Structures are given as structure tokens and as C-alpha cells.
Amino acid sequence: MIYSEKVMDHFTNPRNVGEIPDANAVGEVGNAKCGDIMRMYMKIEDNIIKDVKFKTFGCGAAIATSSMATELVKGKTIDEALKLTNKAVVEALEGLPDVKIHCSVLAEEAIKAAIDDYYKRQGLEPVSGISENSDHHHDGHSGDEE
Ligand code: FES
């Protein structure tokens, strides 16, 4: 499998790894097929994602995509972060092999799950619905089928 330099860079030197102890948004998603899990922590203030960190128990592409996703949403507004698609993450990484596209889907969903959690903590309706049944959400994305 050929990975871009960007992917290798974010895999070997992932940005924003870890936890945020006083996070006010935490999202966890998993892919039932490969068993990989991604957890995203955010510190949100005044609608801005002031800090974001992740822990990924998964493949190299999952680590690279979560690293890139945190870079893309850090300092952004909630609305901007919600618009982040897995496609944008893949583009920022200069491509991913087809069989690894689902890993980038996990990154998009982890961001949305964290923001959902934030809304819930604020007593608001979650917007994306991702965190509700993350197990059922993954099938049918391109790259996820044999
Ligand atoms: Fe499952 Fe990459 S193989 S997230």
C-alpha cells in the first residue's frame, strides 16, 4: 500500500495526541468492521474550539486522519468544524488508498460526536446525530465494502 508523505508524516508524528482533562466535549466512535476506536477531546469556549486532542486505538491511517482532523478544526468555530468532511481530511493528507477511506470517516465522525456531546452538556439538541448509534453508521461508506 502506498501512502503519501503527508500520511506518513502524521502517522509517525501525530499532532495533538492525548487527552484534555477539563474537556467540555468528548466524542468516541468506532468502526464495527475493523474494531478501531477514536476518541476526541475538545475544549470549547465562545463557540471556538480552543483545544483538541485525540486518542486512536486503530490503524495507521486512523491515526493520520485523526491527527489531520484535529489540525483542521483547532481554533475554528463549531460551525466550521461541523462542515469538515472526511473528504477534506483525505485531501489535506494528499490522498488515501481506497481501503483506508473508512478511517477518514471515523475522523469526521469523532469530531461530530465530540460536538454533539458539547451540545448535550449545554442542554441543547445534538446536531449531527452521529453519537446516537455510531455502530450503524459506518457501513455503506465507500471503501468499507468488500
Ligand atoms: Fe479501521 Fe483504519 S482500518 S480505522
Where E94 falls short, out of the listed (1) surrounded by 15 or more Cβ atoms within 10 Å (Cβ to Cβ); (2) outside any helix (DSSP H, G or I); (3) modelled with pLDDT of 95 or more: (1)
Whichever residue in the stretch 55-82 is more than 14 Å from the ligand (Cβ to nearest atom) and not hydrophobic (A, V, I, L, M, F, W, C) and, among such residues, is surrounded by the fewest Cβ atoms within 10 Å (Cβ to Cβ): D79
Can you confirm whether A110 is more than 27 Å from E5 (Cβ to Cβ), touching a Phe, Trp or Tyr at 6+ places or on another chain (Cβ under 9 Å), part of a helix (DSSP H, G or I) and modelled with pLDDT of 95 or more? no
Boolean, T85 is in contact with a helix residue (DSSP H, G or I) (Cβ under 7 Å, 6 or more places away or on another chain) and within 13 Å of the ligand (Cβ to nearest atom): no
Spans of strands (runs of 3 or more DSSP E) in the stretch 1-57 with at least 3 residues within 12 Å of V73 (Cβ to Cβ): 37-45, 48-57
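The values are calculated or read from the model by the stated rules, or taken from the named source; none is laboratory data. The structure displayed is predicted, hence computed values, not measured ones. Don't worry about glycine lacking a Cβ; one is built from the backbone with ideal geometry, like all the others, and counts go over all protein chains shown.
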